[in-house]
There are 2 protein chains.
Amino acid sequence: MLDLDGVRENVNIVIDNGYIIAVGDDTQGEEIDCSEFVVTPGFVNAHTHLGMIFLRGYYDDSNLHIWLSKMWEEERKALRETFRLSTEIGILEMMSYGITGFVDMYFNPEDVAEFSELYGIRAAAGMTFLNSINDPNQVERVQRSLKKSKFFIPIINVHSIYSTDEKTIILAKELAEELKTWIHIHLSETRKEIYDTKRKLGLFPVEYINKLGLTPYLHAVHLGWVSSWELEILKASRSTAHCPTSNMKLATAGAFPFYEAKELGINVTIGTDGPASNNSLDIIREMKEAVLLQRHSYWDTRIKALDVFTAATLNGYKLLGVKGGKIKPGYVADLALFDKYSLRPLAKDRLLSNIVYLSTGDYIKKTILNGKIYDKKELTQKIRTIYDRLESLMEKA
Amino acid sequence: MLDLDGVRENVNIVIDNGYIIAVGDDTQGEEIDCSEFVVTPGFVNAHTHLGMIFLRGYYDDSNLHIWLSKMWEEERKALRETFRLSTEIGILEMMSYGITGFVDMYFNPEDVAEFSELYGIRAAAGMTFLNSINDPNQVERVQRSLKKSKFFIPIINVHSIYSTDEKTIILAKELAEELKTWIHIHLSETRKEIYDTKRKLGLFPVEYINKLGLTPYLHAVHLGWVSSWELEILKASRSTAHCPTSNMKLATAGAFPFYEAKELGINVTIGTDGPASNNSLDIIREMKEAVLLQRHSYWDTRIKALDVFTAATLNGYKLLGVKGGKIKPGYVADLALFDKYSLRPLAKDRLLSNIVYLSTGDYIKKTILNGKIYDKKELTQKIRTIYDRLESLMEKA
């Protein structure tokens with residue numbers, strides 16, 4: 001059954017200083033009329049690469065490894081300003097879809113830090129270790145310069161075990177230890193990664209990462225080809241992220257073992273992945289996709305709307321280390337307001353189904369970030385302006 | 001490469017009497033300003049059950065066969081007016097998503113006929129043969145009363161080979177022959193259907209249907225478990241429909257062999273299936289889902305945006321027997337107008353990608369049906385009014 005702290009209709013929520021302080025019928029204070037809306041906690045996009053907006057729709061038609069080489073080629077040529085504008089567009093788009101927190105892996109964490117403070121969106125990001133693109137020492141320097149702030153959490157980004165050498169992975173671990181943060185990495189994504197790792201090192205990817213001591217710091221993303229014994233190892237990890245659309249579009253053919261991970265008590269979150277592989281940043285659509293991929297791959301209907309909803313809200317906040325994901329006093333005032341006339345037939349016991357299976361991020365009309373209300377129309381207008389600048393930059397290139 | 005007749009930007013389209021009569025820069029006539037839009041042909045939803053809107057979100061969590069028994073239980077109790085209101089909502093929703101034609105299987109074809117004429121949406125529908133719900137003789141009577149009109153095409157609906165007896169299937173074939181129409185049927189949808197048919201009759205589902213002489217009349221839906229030799233038989237069929245979301249949500253675990261069917265020259269279309277199994281009627285989302293399911297299931301990226309776009313436009317019109325699905329003189333003026341500021345970065349060679357992988361039906365702001373323009377806002381308003389009536393009817397029940 002649906003927890004009442006998850007989806008609310010006809011309720012007053014009192015917010016003070018960024019926190020929910022009361023929920024009920026008889027609350028007092030300044031009122032925002034929510035009679036037209038269904039309210040849920042804000043959503044956390046647990047894996048993305050916002051700086052890739054400029055590559056959205058650029059190249060869609062190959063498997064992950066060929067696709068990556070195409071992306072890296074373009075990224076090496078791109079201007080720093082292109083990344084920056086892409087990131088701002090990405091953040092605004094996500095806000096318009098009810099996303100109130102995210103985890104980013106790219107090459108401009110300073111921009112992410114700045115925009116997260118500007119808009120009040122919770123962001124975890126860092127410079128990314130990726131041997132063919134940058135020098136590990138330089139990544140370390142940027143990393144040490146990043147400061148935790150009200151909305152920004154510096155994390156260590158390691159692209160993958162096939163794109164960074166062992167020395168770099170160990171450096172990443174030491175940094176995570178010293179800076180008291182966590183490690184965000186693509187792991188066990190493709191058959192090729194599994195095969196190559198096993199052949200070269202005699203170990204499966206998670207076994208290898210565990211041997212290097214990374215497990216307690218780990219936010220492991222994809223895991224489409226993780227084995228049952230590796231899942232046991234991941235019980236000691238911080239979190240995992242499932243990105244169904246990107247996996248399917250890039251034909252990785254794997255399916256993250258959602259049910260087993262959940263049963264083991266592993267923190268399961270949901271990510272859209274980047275705008276060049278999804279190509280949408282709509283976390284609402286991603287929740288549905290997770291149910292669909294799970295049901296298709298495991299030939300049963302064990303994964304339900306509530307599982308993906310919890311993954312995209314409560315578990316996302318657990319990952320970020322922020323008390324959020326519930327409509328409850330003491331939780332952060334990060335909320336998504338759905339147009340209730342789109343979630344029909346409107347019956348209390350169908351609300352969650354209509355959110356997950358019927359709606360998209362476009363059904364959300366207002367997003368509340370730490371108590372501050374953003375209107376979809378204003379966000380759309382702002383996105384247009386920045387896209388104009390990005391497009392003119394792209395035309396010049 | 002994208003055919004220019006598929007997606008157009010900055011173009012003038014002249015419409016007369018429901019047909020496109022000129023496309024270009026220098027056309028003359030009354031002008032509708034489309035500078036804010038990207039134009040595509042209208043979309044055909046090749047398989048749905050609109051009357052099930054009242055069951056949207058009612059029950060989501062079991063495999064097809066258990067789910068069906070739940071649905072039939074509710075359908076036996078439902079009022080005729082519930083089906084009617086559901087159907088009108090479904091049609092208006094589809095129109096708001098750029099759908100200009102559809103194929104419906106339910107129990108109120110008279111309503112479909114009436115609404116299709118009212119709104120100018122092309123509809124193929126008929127009474128449905130389904131032994132546990134209705135009497136075949138009564139279905140035949142209704143069927144004989146349906147008349148082809150400007151927008152409505154009476155077809156023969158057979159629920160499936162497991163829910164209708166052989167005598168009824170033969171009656172359906174004779175009716176199709178006599179009334180010069182086609183047969184719309186769920187076929188090879190689940191492992192159970194394959195197993196039971198083979199065990200009982202010694203034949204696979206398509207082999208059986210072929211033995212009864214139905215192949216030339218066939219619009220076969222689902223085919224998630226069709227074999228390669230049955231696909232050869234289907235070369236002689238009218239059409240097939242792929243409904244990825246519904247198949248995945250109901251854990252049928254099959255994957256329609258899209259690439260092989262296309263290579264054999266079989267007409268492949270796309271359907272959302274009904275609002276109780278998808279639960280959305282958004283054909284734009286369904287195009288993406290088709291790519292995702294294909295890539296995931298066949299471990300390659302052979303199915304591309306253009307394949308699903310063609311299936312949902314040109315092939316849909318081929319199924320309906322209407323000259324549509326292209327922006328070209330002589331074709332029907334059924335068009336979808338996407339807000340171009342949502343399809344970004346806006347570059348000509350990314351338009352199709354952004355339509356299929358980024359957008360949803362909500363990016364469509366106007367739909368043109370046979371030359372008549374419908375605005376999204378007006379449609380949304382109208383949907384609200386009818387939902388109010390449906391919900392009050394549901395509350396009384």
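The values are calculated or read from the model by the stated rules, or taken from the named source; none is laboratory data. These figures come from a predicted structure and were not determined experimentally. For neighbour counting, all protein chains shown are included, and Cβ atoms are generated from backbone atoms with ideal geometry for every residue, glycine included. Ligands, DNA and RNA are excluded from the accessible area calculation, which covers all protein heavy atoms including side chains. Shrake-Rupley method; radii C 1.70, N 1.55, O 1.52, S 1.80 Å.
Residues A:Lys377, A:Lys366, A:Lys340: which one is at pLDDT below 95 and not assigned by TED's automatic domain parsing to the domain that holds A:Tyr119?
Numbers: A:Lys377 fails: at pLDDT below 95; A:Lys366 fails: at pLDDT below 95.
Exactly one of A:Lys377, A:Lys366, A:Lys340 is at pLDDT below 95 and not assigned by TED's automatic domain parsing to the domain that holds A:Tyr119, namely A:Lys340.
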(request) Only residues in the stretch B:293-312 that are facing chain A (nearest Cβ under 7 Å) and on the phi < 0 side of the Ramachandran plot count as the first member; pair them with residues that are open to solvent by 40 Å² or more (accessible area, probe 1.4 Å) and among the polar types (S, T, N, Q), Cβ under 8 angstrom, at least 6 apart or cross-chain, and list the lot. (result) B:Asp300/A:Asn63; B:Thr301/A:Asn63
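Please specify each residue of the stretch B:313-333 satisfying the condition of being in a loop (DSSP other than H, G, I, E, B) and of a type in the set (S, T, N, Q). Reasoning before the result, please.
Pass one, the stretch B:313-333, residues in a loop (DSSP other than H, G, I, E, B): B:313, B:321-331, B:333.
If the condition is that a residue be in a loop (DSSP other than H, G, I, E, B) and of a type in the set (S, T, N, Q), then B:Thr313 is the only one that fits.
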(request) Scan the helices (runs of 4 or more DSSP H) fully inside the stretch B:18-123 and keep the ones with 2 or more residues being away from chain A (no Cβ under 14 Å) and buried (at least 21 other Cβ atoms within 10 Å of the Cβ). (result) B:80-96, B:109-119
(request) Pairs only if they're at least six apart or on different chains, beta carbon under 7 angstrom, first in the stretch A:278-290 and in the same structural domain as A:Ile53 (by TED's automatic domain parsing) and open to solvent by 10 Å² or more (accessible area, probe 1.4 Å), second of a type outside the set (Lys, Arg) and part of a loop (DSSP other than H, G, I, E, B); list them, first residue then second. (result) A:Arg285/A:Thr360
(message) Taking the condition of being within 19 Å of B:Leu320 (Cβ to Cβ) and touching a Gly at 6+ places or on another chain (Cβ under 9 Å), how many residues in the stretch B:184-221 meet it?
(response) 2
(message) Can you say whether B:Glu9 is under 22 Å from the mean Cα position of the chain (by Cα), surrounded by fewer than 24 Cβ atoms within 10 Å (Cβ to Cβ) and either at positive phi or of a type outside the set (Val, Ile, Thr) (or both), as far as the supplied structure shows?
(response) no
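Yes/no matrix, rows are residues, columns are (1) of a type in the set (A, V, I, L, M, F, W, C); (2) under 13 Å from A:Met248 (Cα atoms):
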{"site": "A:Phe258", "(1), (2)": "yes, no"}
{"site": "A:Leu264", "(1), (2)": "yes, no"}
{"site": "A:Thr272", "(1), (2)": "no, yes"}
{"site": "A:Ala276", "(1), (2)": "yes, no"}
{"site": "A:Ala290", "(1), (2)": "yes, yes"}
{"site": "A:Arg302", "(1), (2)": "no, no"}
(request) Pull up the stretch B:155-177, narrow it to residues that are under 11 Å from B:Pro136 (Cα atoms) and assigned to a loop (DSSP other than H, G, I, E, B), then point me to the one that is most open to solvent (accessible area, probe 1.4 Å). (result) B:Asp165
(request) Go through the stretch B:343-353 and give me each residue that's assigned to a helix (DSSP H, G or I) and more than 13 Å from B:Val39 (Cα to Cα). (result) B:Asp349, B:Arg350, B:Ser353
(request) Give the residues of the stretch A:234-254 that are open to solvent by 10 Å² or more (accessible area, probe 1.4 Å) and touching a Ser or Thr at 6+ places or on another chain (Cβ under 6 Å), sorted by residue number. (result) A:Ala236, A:Ser237
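Regarding B:Ile209, is this residue touching a strand residue (DSSP E or B) at 6+ places or on another chain (Cβ under 7 Å), β-branched (Val, Ile, Thr) and over 23 Å from B:Glu93 (Cβ atoms)?
Against the criterion (touching a strand residue (DSSP E or B) at 6+ places or on another chain (Cβ under 7 Å), β-branched (Val, Ile, Thr) and over 23 Å from B:Glu93 (Cβ atoms)), B:Ile209 qualifies.
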(message) I'm trying to understand the selection: among the residues of the stretch B:124-174, which are more than 23 Å from B:Arg80 (Cα to Cα) and acidic (Asp, Glu)?
(response) B:Asp165, B:Glu166, B:Glu174
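Looking only at the stretch B:356-385, which residues are touching an Asp or Glu at 6+ places or on another chain (Cβ under 7 Å), charged (D, E, K, R) and more than 14 Å from chain A (Cβ to nearest Cβ)? I'd like the intermediate steps shown before the answer.
Restricting attention to the stretch B:356-385, the residues satisfying the condition of being touching an Asp or Glu at 6+ places or on another chain (Cβ under 7 Å) are B:357, B:360-363, B:365-366, B:368-370, B:383.
In the following step, the residues that additionally are charged (D, E, K, R) were identified as B:362, B:365-366.
Hit for the stretch B:356-385 is B:Lys366, nothing else.
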(message) Take the residues in the stretch B:354-397 that are in a strand (DSSP E or B) and among the hydroxyl-bearing types (Ser, Thr, Tyr); name whichever of them is nearest to the chain's Cα centre (by Cα).
(response) B:Thr367
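Could you check the stretch B:313-350 and list, in sequence order, the residues that are within 14 Å of chain A (Cβ to nearest Cβ), of a type outside the set (Lys, Arg) and open to solvent by 10 Å² or more (accessible area, probe 1.4 Å)? Write out each step before concluding.
Taking the stretch B:313-350 as the starting set, the residues that turn out to be within 14 Å of chain A (Cβ to nearest Cβ) are B:338-350.
From what is left, the residues that are of a type outside the set (Lys, Arg) are B:338-339, B:341-343, B:345-347, B:349.
Those that are within 14 Å of chain A (Cβ to nearest Cβ), of a type outside the set (Lys, Arg) and open to solvent by 10 Å² or more (accessible area, probe 1.4 Å): B:Asp339, B:Tyr341, B:Ser342, B:Leu346, B:Ala347, B:Asp349.
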(request) Could you tell me whether any residue of the stretch A:248-260 is under 30 Å from A:Lys148 (Cα atoms) and more than 12 Å from chain B (Cβ to nearest Cβ)? (result) no
(message) If a residue must be within 15 Å of B:Glu174 (Cβ to Cβ) and buried (at least 23 other Cβ atoms within 10 Å of the Cβ), how many such residues does the stretch B:128-153 contain?
(response) 3
